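These notes concern the structure reproduced below.
Values quoted throughout were computed directly from the atomic coordinates according to the rules given, and no laboratory measurement underlies them. Small disclaimer: the values here were computed from a predicted structure and weren't measured. We place every Cβ from the backbone using ideal geometry, glycine too, and count neighbours over all the protein chains shown.
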Amino acid sequence: MEKVFEVKNLQFTYRKNQIKAVNGISFDVYKGEVFGLLGPSGAGKSTTQKILTKLFKDYQGEILYLGKDLKTYNNDYYEDLGVGFELPVHFSKLTGLENMKFFSQLYKNHRDIETLLKAVGLYEDRNRMVSDYSKGMKMRLNFVRAMLNDPKILFLDEVTNGLDPKNARIIKDLIRQFKEAGGTVFLSTHLMNDVEELCDRVAFIRGGEIVEIATPRELKIRFGKRELKVEYFNNGTTSEALFELDGIGENKAFLELINTYEVETMHSGETSLDDIFIKVTGEVGNV
Amino acid sequence: MSNFGLLMKGEMLRLIKYKIIQISFVVTILWLLIIFMIGSDQAATFVPIFIFTDAALMTVLLVGASLFYEKQENTLKTLMITPSGLHAIIASKVISAIYLALQSTVIIALFANLLFAVEIRFIALIAFVIVIAFAHTAIGYTFSLFAKDFNELIAQVGAYMIVFAIPTLFYALGVFSEVFETVLMFSPTHAALLMINYTFFSSTRLVLLLIGLAYLIVVPVLLFIYIIIPKYPETAVKD
Ligand SMILES: Nc1ncnc2c1ncn2[C@@H]1O[C@H](COP(=O)(O)OP(=O)(O)OP(=O)(O)O)[C@@H](O)[C@H]1O
Ligand SMILES: [Mg+2]
């Protein structure tokens, strides 16, 4: 598979407080995938995104973009990039539409602004000043901002931050569409939900180090408990029983149960990514 | 249009939408009112001081405050991920600051000239105000790139004004001899005031004028090359 980014032993220290925010991480991002960078607050997600988007240039280690050192690219690099920031990034005294028109002009390629605004449900509010927008509206405008230049790669930092479930759904669908059209996505988040629904692969980052890279499915299998929960009707009430998944075909108790009672439902012991997040990073994820 | 032209257009739109042009215009009207109240005999003395205040001190404050405000809105950051390039971004901001200084200068100068027949070397005035505003844009940026918050910026600018205004004041009061004025040229405010005075036909030693002019071009260029351009991205990107 074609690699969009190859990151090797990346390190970054904030000069001001000598904090090693990124401490020797390595990973690849493949073309056409949604790559998630997942970790607790302060883990180094935003820092990593800022390095990859060339906002921080004095890093150690190596980053290749399409096989060439990132440092050899000039500002045309930004023609390929759509960047969704963690916080609103607009002129508050300009309308949503004025903001988008201004930023759009600065690129060679353009998506139709009105179509994008319609897609995120901001078309009706396009002529209102951004200072009158709610947090969620500003974040949706951030997403439109990221898509303006029809990018090849989307960097999204906490993209569903401040969105209600309906709007979060809309944005996630747009990300999926972007991916289906061949786009690559680099997604930083601490929300399991985003990862589970969107990511092809996920890297867990903690204290500036990557502790795990895998597909969400692999993680669930690896960390999942190998057990089966059976819920069945027993004298008009629902009872439940737990069985080891290994050798379940010879498990007498299990076989007797399913032959005797009417089974209501069965669950394999899949661990939620939330549990995995806590296990892998040693911290409680905020959902 | 080139990205620089587009950035320039964006800056002008920002000046209007954030009512900066309008506020600057109101301040200019206030100067005009004061000139009007002072009357014609004193106008020639005060007009240069008002133009100096507008082009030098107001520019420092306006540029500094503006940078803080934009940093808060994160618009500096989102511009950094466009293909525009750092130099075009900074240049558009510098030129819009110079434009503001020119706008008030031209209005004040025309008013003084037409109403009170104050004599002015117009071309020199415009050229010098461009240089003075350029220098003070650099000073304003330097202060705001180092200030942690808005209050600190105000404190720095206040300290700067006092430190550089005092020698000029003493000199004006005749405390120092004339030889000392050459040393005083190393105060950007003194150099600026001397240049503006020249355009109002006050007796000015030409050599001092040239020193001042050179100084107010060299200092900002050095500030841009060694401080502002290297430090700007870091400030722009910070959350
Ligand atoms: N501008 C800065 N100056 C100094 N240290 C910083 C700066 N920004 C971040 N850090 C530090 O670097 C580390 C990583 O921060 P980063 O913002 O990358 O975390 P994050 O994973 O994005 O967290 P969050 O989920 O809260 O956004 C933290 O320890 C943080 O305190
Ligand atoms: Mg972050």
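Remarks
- When the Gaussian network model of chain A links Cα atoms closer than 10 Å, the mean-square fluctuations of A:Lys57, A:Lys108, A:Lys118 top out at A:Lys108.
- Relative to the longest principal axis of the Cα atoms of chain B, the long axis of helix B:206-223 lies at roughly 10 degrees.
- Label-to-label distance, nm, for residues given as B:Ala214 and B:Val179 (7 Å Cα→Cβ offset): 2.1 nm
- Averaged over A:71-77, number of beta-carbon atoms from partner chains that fall within 10 Å: 2
- Shielding by other protein chains, A:83-95, mean Cβ within 10 Å: 5
- Between helix B:122-146 and chain B there is an angle of about 50 degrees, using the helix long axis and the longest principal axis of the Cα atoms.
- Highest-MSF residue in chain A out of A:Ile63, A:Ile19, A:Ile113 [GNM, Cα springs under 10 Å]: A:Ile19
- The mean number of Cβ atoms from other chains found within 10 Å of a Cβ in peptide A:100-107 is 5, as a whole number.
- Antiparallel bridges, percent of DSSP beta bridges restricted to the protein assembly as shown (to nearest 5): 65 percent
- Where the alpha-carbon atoms of region A:225-269 are placed on the principal axes, they occupy 30, 19, 10 Å, in descending order.
- Axis of helix B:150-172 versus longest Cα principal axis of chain B: the two differ by about 20°, to the nearest ten degrees.
- Chain A: antiparallel DSSP beta bridges as a percent of all, rounded to 5: 65 percent
- Computed from the Cα positions only, the extents of region A:3-220 along the three principal axes stand at 46, 40, 36 Å, in decreasing order.
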